[in-house]
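Let me begin by presenting the structure, written as structure tokens, before commenting on it.
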């Protein structure tokens with residue numbers, strides 16, 4: 001059975017955050033603390049250790065006491081570049097990924113995904129959320145994958161493809177539905193930030 005001991009958490013803070021005016025998203029204050037701190041505190045009980053993927057503010061991120069890994073592919077090539085460097089440094093059988101700007105991420109994320117992955121002999125499982133109107137949205141940057149997928153990912157990236165869902169299709173993968181639509185709320189604009197703070201206060 002997969003337990004937290006078998007899982008490394010990877011927090012993705014490597015993006016450009018253009019809609020936030022290019023400011024480093026993980027360090028934006030949310031209820032008085034950097035956004036990434038909420039992600040760390042929710043992820044920490046679910047994993048054995050944490051890695052942070054960032055391409056700037058390296059010193060600030062390293063203050064949290066976890067290894068900070070930069071993309072090895074140039075030009076902010078999206079979450080798959082983060083996945084790739086995370087897999088390279090992952091010393092446990094599984095890697096659980098989450099962005100740095102979803103402060104309400106599910107506290108049972110690892111547990112539900114591990115049970116799906118194990119029960120169906122999959123290589124990767126990603127989250128989906130159900131909105132209040134019943135629509136299902138894929139949340140592909142929240143995923144649990146086997147840590148031996150690095151060769152598969154690198155050969156996918158070497159073709160110049162950065163589309164996350166296309167890589168998933170090459171694997172034995174499926175999705176786990178989380179009913180709480182707020183769980184994956186993320187912050188792309190200053191307006192979304194203040195709206196999310198109101199939800200929590």
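The values are calculated or read from the model by the stated rules, or taken from the named source; none is laboratory data. Worth saying up front: this structure is predicted, and the values here are computed from it rather than measured. Cβ coordinates were reconstructed from backbone atoms using ideal geometry, including for glycine residues, and neighbour counts include every protein chain displayed.
Look at residue 69 and say whether it is closer than 17 Å to residue 8 by Cα, modelled with pLDDT under 95, surrounded by 14 or more Cβ atoms within 10 Å (Cβ to Cβ) and touching a helix residue (DSSP H, G or I) at 6+ places or on another chain (Cβ under 8 Å). Quick ask: steps written out before the conclusion?
Values: closer than 17 Å to residue 8 by Cα: yes; modelled with pLDDT under 95: no; surrounded by 14 or more Cβ atoms within 10 Å (Cβ to Cβ): yes; touching a helix residue (DSSP H, G or I) at 6+ places or on another chain (Cβ under 8 Å): yes.
Considered against the rule, which asks whether it is closer than 17 Å to residue 8 by Cα, modelled with pLDDT under 95, surrounded by 14 or more Cβ atoms within 10 Å (Cβ to Cβ) and touching a helix residue (DSSP H, G or I) at 6+ places or on another chain (Cβ under 8 Å), residue 69 comes out as no.
What number of residues in segment 46-65 are free of Cβ contacts under 8 Å to residues at least 24 places away in the same chain and in contact with a strand residue (DSSP E or B) (Cβ under 6 Å, 6 or more places away or on another chain)?
Summing the residues that are free of Cβ contacts under 8 Å to residues at least 24 places away in the same chain and in contact with a strand residue (DSSP E or B) (Cβ under 6 Å, 6 or more places away or on another chain) in segment 46-65 gives 2.
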query = Does residue 83 count as without any contact (Cβ under 8 Å) to a residue 60 or more places away in the chain, within 29 Å of residue 191 (Cα to Cα) and crowded, with 19+ Cβ neighbours inside 10 Å?
reply = no
Pair list, Cβ under 8 Å, 6 or more apart: segment 114-133 residue at negative phi and surrounded by 14 or more Cβ atoms within 10 Å (Cβ to Cβ), other residue assigned to a helix (DSSP H, G or I) and modelled with pLDDT under 95 = 127/184; 129/181; 129/183; 129/184; 130/181
inquiry  = Among the residues of segment 154-168, what is the count of those that are within 25 Å of residue 39 (Cα to Cα) and surrounded by fewer than 20 Cβ atoms within 10 Å (Cβ to Cβ)?
reply    = 4
task = Identify all residues within segment 138-157 that are in contact with a strand residue (DSSP E or B) (Cβ under 8 Å, 6 or more places away or on another chain) and free of Cβ contacts under 8 Å to residues at least 40 places away in the same chain; write none if there are none.
result = 138
